[in-house]
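All remarks here apply to the structure that follows.
The values are calculated or read from the model by the stated rules, or taken from the named source; none is laboratory data. Computed from a predicted model, the values in this text were never measured in an experiment. As a convention, Cβ positions derive from the backbone with ideal geometry for all residues, glycine included, and neighbour counts pool all protein chains shown.
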Protein chains: 2
Amino acid sequence: MFQAATIKQIAQALSVSVSTVSRALSDSHEISEETKKLVQAYAKKINYRSNPIARSLKSGRSNSIGILVSDVANSFFSQTINGIESIAYESGYHVIITQSHDVYEREVSNIGHLAGRSVDGILISMSSQTTNYDHIKDLHERGMPIVFFDRIIDDVATFKVATNNFKSAYGATKLLIDKGFRRIAFLGNAPQLSITIERLNGYKSALADHQLNFDDLLVKHCFEGGRNIQEIESALESLRSSPTEANALLIASDQLSIAAMRVLTSKGDSKNLAIIGFSNSDVIDLLSPQISYIRQNAFEIGRVAAQMIIKLIESRYPIYEFETRLLDAELHWRGAK
Amino acid sequence: MFQAATIKQIAQALSVSVSTVSRALSDSHEISEETKKLVQAYAKKINYRSNPIARSLKSGRSNSIGILVSDVANSFFSQTINGIESIAYESGYHVIITQSHDVYEREVSNIGHLAGRSVDGILISMSSQTTNYDHIKDLHERGMPIVFFDRIIDDVATFKVATNNFKSAYGATKLLIDKGFRRIAFLGNAPQLSITIERLNGYKSALADHQLNFDDLLVKHCFEGGRNIQEIESALESLRSSPTEANALLIASDQLSIAAMRVLTSKGDSKNLAIIGFSNSDVIDLLSPQISYIRQNAFEIGRVAAQMIIKLIESRYPIYEFETRLLDAELHWRGAK
DNA sequence: GTGAAAGCGCTAACAC
DNA sequence: GTGTTAGCGCTTTCAC
């Protein structure tokens, strides 16, 4: 059994009271220098560390921030997490990371666990399988500071930060049109996700602005967001077969971009198909065949999200004005033309 | 302020005592069915969730496991984490992930935080910058269950699990020799890391077994383990320049493999250089130029590590016999010959 | 300047 | 079958 030193042990050893020890350790002005020195020296000697659990129970604060992402293996998320950590640590917060794996029950369980362990706030990127938001609404109504990033929802009024997905998808689609492509397909994640909706809207809007008809057959959703390779295979197959036959493809999800590349490469079907995919992979530019990509400012999204949650946590007054920050992404064209 | 429902509120609302509520919620046999139903129904109604902080303070247990890795962006680690989670969740443990970013102070701080928040055990992969192990020894001596995975240390007697690094590096080196290469260089992470030492030993041993001289000039270490691109650039440069001039390269670290590929690609220097790199990247086989790679069984390492820590946590008697499990890795040859 | 004591939410030994 | 109470480690109000 792990047994840490306690304030009580110090008190007994030094024949003072626990409150004196507590005050001495927190450098209270009402304790004599002499006693402080004594207590602090002894605490150091026995390697005393205050028990954060007990302190949390007392104060209701923990100086830690919880994160929920679908998967840390996704470069976008690991970069976002690094952004969050960079701000959190310099503000004195610890960061606790959990994964939903895009499974609703995991999301509910992890958020419950984070709330229960009294993190001071939670940063959430929604699981792609989640369609019921009650677990989050409840928590929010009971006062838990929450900030959404990347995959955000409208149903909860709070701070949010994401890429300007509409603009990014619009720009990518426009570029494909400008390059002469007319049969542009859209491959997206689960349809209720904010990132899917906004990117699809950008795509549609660009088509409309360039007098191209929107064709339902050119839009495919992967409900398991890249975890199920078969789903992607059949989506790509139908997009590539007549009468649909797309000659360009916008992939609206990081996980899908890599997975689709794999499918297309193994099928030898990447020729004559212009691809732009959202991807923050650090090796996306080393892949062969080359793929054009949209790189989100993941680190900055993390930084902004962390600043927002800390603002919420540390605000002395309730906040009613919430901002949704949208950050630009970079489009990297690697196509032939 | 986030305010959760408490057992006390339930007790008051139902005009029973807190202990009755506590027992009813834990389905104690000494409570009448009637009262149980009443309490449980009300608890559900107000969405009561027992406060794990309070319970931890009382029981000293938290049913959660802490993980320390250098970086979740590293595919090897994210896969290991997924393996850990798969076992942990089915055993009723939550998993808390933290990153050291290979910085000693972060490692100390995160391990302290995990211990303080009373996780029941900690899974550790050492930071590449750590050379002093006192923070871990202390914790271990005070009874905290600890399991090492991947980057392990000798100084603490406990369960450990890693790839059979000696064997993997030996096999890779031997393959290069068999393919006819004679000037085989070794590019490794920080020299005190177990993975570096064992892989270097495997490399040396294969050379010796094939009557090749070991040449100090053919071994380079990257102390910042791939975070500093300049370090890699200069290492590669000196390996490729006469009189050293390596014509084959064993890269003994995941992060280095990708980073080295980037450097070599940008320099156009990957021709006439056979490379085998440790890598669990999910796109390593899509890179161009192709690189041969050693893929570790990361998921299984995670599963084993989790089983070990749970065994330690749940053991009723102190354990004195510790196993170090070594798992085989797969070598994928992608070279010309 | 220091001590005593209450209380954070929960569990469990001990009443009755 | 249910209530009372002590205590986990800590902070903080109130005494002195």
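Note on the range B:185-201: among residues that are crowded, with 24+ Cβ neighbours inside 10 Å and touching a strand residue (DSSP E or B) at 6+ places or on another chain (Cβ under 6 Å), the one that is farthest from B:Leu114 (Cα to Cα) is B:Ala185.
So that you can scan it fast, the table gives a plain yes or no per residue for (1) over 19 Å from B:Asp71 (Cα atoms); (2) part of a helix (DSSP H, G or I); (3) touching a Gly at 6+ places or on another chain (Cβ under 7 Å):
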| position | (1), (2), (3) |
| --- | --- |
| B:Ser266 | yes, yes, no |
| B:Pro289 | yes, no, no |
| B:Glu300 | no, yes, yes |
| B:Gln307 | yes, yes, no |
| B:Pro318 | yes, no, no |
| B:Phe322 | yes, no, no |
| B:Gly335 | yes, no, no |
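The strands (runs of 3 or more DSSP E) found wholly in the range A:66-161 and carrying at least 3 residues that are within 10 Å of chain B (Cβ to nearest Cβ) and under 20 Å from B:Asn110 (Cα atoms) occupy A:94-99. What about A:Asn74, is it out of contact with any strand residue (DSSP E or B) (no Cβ under 9 Å at 6 or more places or on another chain) and within 30 Å of A:Tyr293 (Cα to Cα)? Criteria met by A:Asn74. Any chance the range B:17-26 includes a residue that's in a helix (DSSP H, G or I), charged (D, E, K, R), more than 13 Å from DNA strand D (Cβ to nearest atom) and more than 9 Å from every other protein chain (Cβ to nearest Cβ)? No, the conditions are met nowhere in the range B:17-26.
When A:Asn51, A:Asn82, A:Asn63 are checked against the criterion of being touching a His at 6+ places or on another chain (Cβ under 9 Å) and within 16 Å of DNA strand D (Cβ to nearest atom), a single residue qualifies: A:Asn63. Of all residues in the range A:1-16, those being modelled with pLDDT of 90 or more, part of a loop (DSSP other than H, G, I, E, B) and more than 10 Å from DNA strand D (Cβ to nearest atom) number 2. Quick check: anything in the range B:66-75 buried (at least 19 other Cβ atoms within 10 Å of the Cβ) and near DNA strand C (Cβ under 10 Å from one of its atoms)? No, there is no match, as no residue in the range B:66-75 is buried (at least 19 other Cβ atoms within 10 Å of the Cβ) and near DNA strand C (Cβ under 10 Å from one of its atoms).
Among residues of the range A:15-26 that are hydrophobic (A, V, I, L, M, F, W, C), those with a beta-carbon under 8 Å from a residue that is near DNA strand C (Cβ under 7 Å from one of its atoms) at least six positions away or on a different chain give the pairs A:Val16/A:Thr35; A:Ala24/A:Ile31; A:Ala24/A:Thr35. Summed over the range A:28-60, the residues that are within 12 Å of DNA strand C (Cβ to nearest atom) and either in contact with an Asp or Glu (Cβ under 6 Å, 6 or more places away or on another chain) or not in a helix (DSSP H, G or I) (or both) give a count of 7.
When B:Ser168, B:Ser109 are screened for being surrounded by fewer than 17 Cβ atoms within 10 Å (Cβ to Cβ) and touching a helix residue (DSSP H, G or I) at 6+ places or on another chain (Cβ under 9 Å), only B:Ser109 passes. Among the conditions (1) surrounded by fewer than 18 Cβ atoms within 10 Å (Cβ to Cβ); (2) in contact (Cβ under 8 Å) with a residue 12 or more places away in the chain; (3) more than 16 Å from DNA strand C (Cβ to nearest atom); (4) farther than 30 Å from A:Arg151 by Cα, the only one that A:Gly92 does not satisfy is (4). Checking each residue in the range B:89-133 for being within 17 Å of the chain's Cα centre (by Cα), under 17 Å from B:Gly302 (Cβ atoms) and acidic (Asp, Glu) picks out no residue at all.
Would you point out the residue of the range A:120-144, among those that are modelled with pLDDT of 90 or more and of a type in the set (Gly, Ala, Ser), that is farthest from A:Glu224 (Cα to Cα)? So, considering only residues that are modelled with pLDDT of 90 or more and of a type in the set (Gly, Ala, Ser), the one farthest from A:Glu224 (Cα to Cα) is A:Gly121.
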